[in-house]
1. Pop the C-beta distance of HIS12 and GLU46 into the FRET formula with R0 = 22 Å and round what comes out to the nearest 0.05.
2. Using all Cα-Cα distances in the chain, what percent lands in each 5 angstrom bin from 0 up to the longest?
3. For a quick check: with amide H placed at 1.01 Å from N, whose amide H comes under 5 Å from LYS39's, ignoring anything fewer than 5 positions away on the same chain?
4. Determine the gain in length on full extension of the stretch LYS39-THR19; use 0.36 nm per residue of separation and subtract their C-alpha separation, reporting nm with one decimal.
5. I'd like to compare 34-41, 22-29: which one has the highest average count of other Cβ atoms within 10 Å, and what's the full order after that?
Amino acid sequence: MINPETQIVIIHRKDGTHTKLHKKDELTGENIIPGFTCKVADLFPEAAS
């Protein structure tokens with residue numbers, strides 16, 4: 001779940017666990033998309049002037 005207002009990403013897993021990521025963190029594909037990484041900050045670009 002990506003919340004643009006709080007700029008937080010919450011990963012919900014099938015086993016019921018979850019992880020909260022902030023702008024300084026990195027999102028990975030874990031075992032679903034091996035090798036995938038994305039800086040959470042990149043999901044929230046600054047508003048254009």
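1. 0.20
2. Histogramming the chain at 5 Å steps yields 5, 19, 28, 24, 15, 6, 3, 1, 0 percent.
3. When sequence neighbours closer than 5 places are left aside, the close amide H contacts are LEU27.
4. Details: separation 20, 0.36 × 20 = 7.20 nm, distance 1.49 nm.
Using 0.36 nm per residue and subtracting the Cα-Cα distance, I get 5.7 nm.
5. 22-29, 34-41
Computed from the coordinates by the stated procedures, all read-outs in this text should not be read as laboratory data. The structure displayed is predicted, hence computed values, not measured ones. Positions of Cβ are generated from backbone atoms using ideal geometry, with glycine treated the same way; all protein chains shown enter the neighbour counts.
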